[in-house]
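Undergrad: Following this message is one structure expressed as structure tokens.
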Amino acid sequence: MNKRDLTYHRGCLSSAARAQLLSIIGQCFEGIEPEAYFAYYFEQDGLIIRRLRLYYTQAGELAGYCLLTFDDSHQAFCVIGASAGFLPQFRGKNNTFSFSIAEVTKAYLRRPWRTLLYADTMLSPAMFRAMAKNIATVYPTASGSDTESQLYLTLNPTGLVCDANGLLCLKTVGRKTRYSAEEVAQFKASSKPEIAHYCALNPNFDNGVALLAVIPVTFRQLLATAWKQLKNKL
């Protein structure tokens, strides 16, 4: 696919591109109004930098997007959020990882003294797997830890407690990914470690409950992630 990267701000997209993006959002999620979703993730005010990658077919049709938000409104840390969506035929191809890791690494190198936390409310087991199979350390773990407990208490104080690990790592978001009943069943029966882990922690992902995946962005994490990717290729 062809790609276009940009720093998003109001008015930077043409009317046609914006309409295509809203169409993809509407096709990806149930229980949302695309304009409201777009306003919340793309145009909410605050100390937020937004990096956007648009994915196009060879024919020039918008096939998907990945949006990263860098929220500096917190004194102690910067929270990196994400939103992504693709047309059905382009899903499950690990399209977002290279963009996400590149942008997060650049953010770390610009300010290595600033605490960075990637925190994404994930409704899709597939999206969780795309991250977890490539990143060295991804929270939550199966058993939880004191470090994780403090992180989730800070990032998700009104969240839902996970029965499996006792962490506040679940969140009702009022929307869900458009999966068929067959796809949901396949996820819940999957033997892939990352998907099985996700489903064990968040069995109600098909009912509007998201798993808050948290990735601490540190020098050690970046090195360990590079090593993990190298081993995956061997």
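The values are calculated or read from the model by the stated rules, or taken from the named source; none is laboratory data. The structure presented is a predicted model; accordingly, all values stated were derived computationally and were not measured. Note that each Cβ is placed from the backbone with ideal geometry, even for glycine, and that neighbours are counted across all protein chains shown. Side chains included, ligands, DNA and RNA excluded: accessible areas come from the protein's heavy atoms. Shrake-Rupley method; radii C 1.70, N 1.55, O 1.52, S 1.80 Å.
Undergrad: For region 158-178, does any single residue satisfy the condition of being free of Cβ contacts under 8 Å to residues at least 24 places away in the same chain, open to solvent by 30 Å² or more (accessible area, probe 1.4 Å), at negative phi and among the hydroxyl-bearing types (Ser, Thr, Tyr)?
TA: Checked against the condition, which is being free of Cβ contacts under 8 Å to residues at least 24 places away in the same chain, open to solvent by 30 Å² or more (accessible area, probe 1.4 Å), at negative phi and among the hydroxyl-bearing types (Ser, Thr, Tyr), region 158-178 yields at least one hit.
Undergrad: Within region 53-70, can you find the residues that are part of a strand (DSSP E or B) and in contact (Cβ under 8 Å) with a residue 40 or more places away in the chain?
TA: ARG53, LEU54, TYR55, TYR56, LEU62, ALA63, GLY64, TYR65, LEU67
Undergrad: Please count how many residues of region 179-203 are in contact with a strand residue (DSSP E or B) (Cβ under 8 Å, 6 or more places away or on another chain) and surrounded by fewer than 16 Cβ atoms within 10 Å (Cβ to Cβ).
TA: The number of residues fulfilling the criteria is 0.
Undergrad: Sticking with this one: Restricting the first residue to region 128-156 and requiring it to be in contact (Cβ under 8 Å) with a residue 24 or more places away in the chain and within 24 Å of SER83 (Cβ to Cβ), which pairs with a second residue that is open to solvent by 60 Å² or more (accessible area, probe 1.4 Å) and not in a loop (DSSP other than H, G, I, E, B) meet a Cβ separation below 7 Å and a spacing of at least six or different chains?
TA: ASN156/LYS171
Undergrad: Can you find a residue in region 71-91 that is without any contact (Cβ under 8 Å) to a residue 12 or more places away in the chain, open to solvent by 40 Å² or more (accessible area, probe 1.4 Å) and either assigned to a strand (DSSP E or B) or farther than 26 Å from SER14 by Cα (or both)?
TA: Yes.
Undergrad: Taking region 21-52, which residues are open to solvent by 50 Å² or more (accessible area, probe 1.4 Å), in a helix (DSSP H, G or I) and closer than 23 Å to ALA126 by Cα?
TA: If the condition is that a residue be open to solvent by 50 Å² or more (accessible area, probe 1.4 Å), in a helix (DSSP H, G or I) and closer than 23 Å to ALA126 by Cα, then SER23, GLN27 are the ones that fit.
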